[in-house]
Every structure is written in structure tokens, then in C-alpha cells.
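To start, the structure itself, in C-alpha cells.
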Amino acid sequence: MMAERKMSLNKLSVIVGITPANLSILKNEKRKAIHFATLDALCKTLDCQPGDLIEYVEEGGSGLGGVG
């Protein structure tokens, strides 16, 4: 998603208001949860829907896909 919008991780982190490290954790699917406010800010910035960023996975995992 970020590549489609030609937006770097650092630029997105500044716009959304989270650290590049936390955004990287989201992008690499190592996060178990996401605040709705963060998801909302990402969707507004990337002009997308939550389903474009995350997916439900039923296999004992977190249920969250990665951002990007």
C-alpha cells in the first residue's frame, strides 16, 4: 500500500504520528494489536479501507495482517 502511494515509512510515520519503529513492526506483521485511532489515521493517509491493511487469520495468531 505504501509503495502504491509512493510514501516512505518515515514520511508515513510523521503524518500518522507514530514512530518509524512502531510502523515497521506493524508493516512486518509482528504486532498483535492496533489502536483504532492508528488504523483510522493510516487509512485516511493512505486513502484506503481497513481491509486493505489488515486481514483476519484464524490459526491461533493475532488475526492482524501487516501494513503495507
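Note on D47: accessible area approximately 120 square angstrom, rounded to 10, probe 1.4 Å, nucleic acids and ligands left out.
Angle of helix 36-46 to the longest C-alpha principal axis of the chain, folded into 0 to 90 degrees and rounded to 10: 50°.
In plain terms, the chain is cut at each of the trypsin sites (Lys or Arg not before Pro) found in a DSSP loop with at most 13 other Cβ atoms within 10 Å, and the longest leftover piece is 33-68.
Over the chain, DSSP H runs of length four or greater, each weighted -39,500 (n - 2.57), average out per residue to a 222 nm ellipticity of -12000 deg cm²/dmol. Residues in the range 9-22 carry Karplus couplings, in order, of 4, 5, 5, 4, 5, 5, 5, 7, x, 10, 5, x, 5, 5 Hz; the curve used is 6.51 cos²θ - 1.76 cosθ + 1.60 with θ = phi - 60°, and Gly or Pro positions show x.
Compute the FRET efficiency between Y56 and N28 as 1/(1 + (r/R0)^6), taking r as their Cβ-Cβ distance and R0 = 22 Å, and round to the nearest 0.05. Here the calculated transfer efficiency is 0.75.
Note on the chain: lysine pairs with Cα distance below 21 Å, sequence gap of 8 or more or different chains, count 6. Listed options for Cα extents along the principal axes in Å are (1) 43, 24, 18; (2) 33, 22, 21; (3) 39, 22, 19. The value calculated from this structure is the one marked (2).
Over the range 1-42, with every protein chain in place, what whole percent of the accessible area is carbon and sulfur at 1.4 Å, could you tell me? Kindly include the intermediate steps, with their values, before the conclusion.
Numbers: 1640 of 2950 Å².
That fraction is 56 percent.
The values are calculated or read from the model by the stated rules, or taken from the named source; none is laboratory data. Note that this is a predicted model, so its numbers are computed, not measured. With ideal geometry, Cβ positions are generated from the backbone for all residues, glycine too; neighbour counts draw on all protein chains shown. Accessible surface areas use protein heavy atoms only, side chains included; no ligands, DNA or RNA. Shrake-Rupley method; radii C 1.70, N 1.55, O 1.52, S 1.80 Å.
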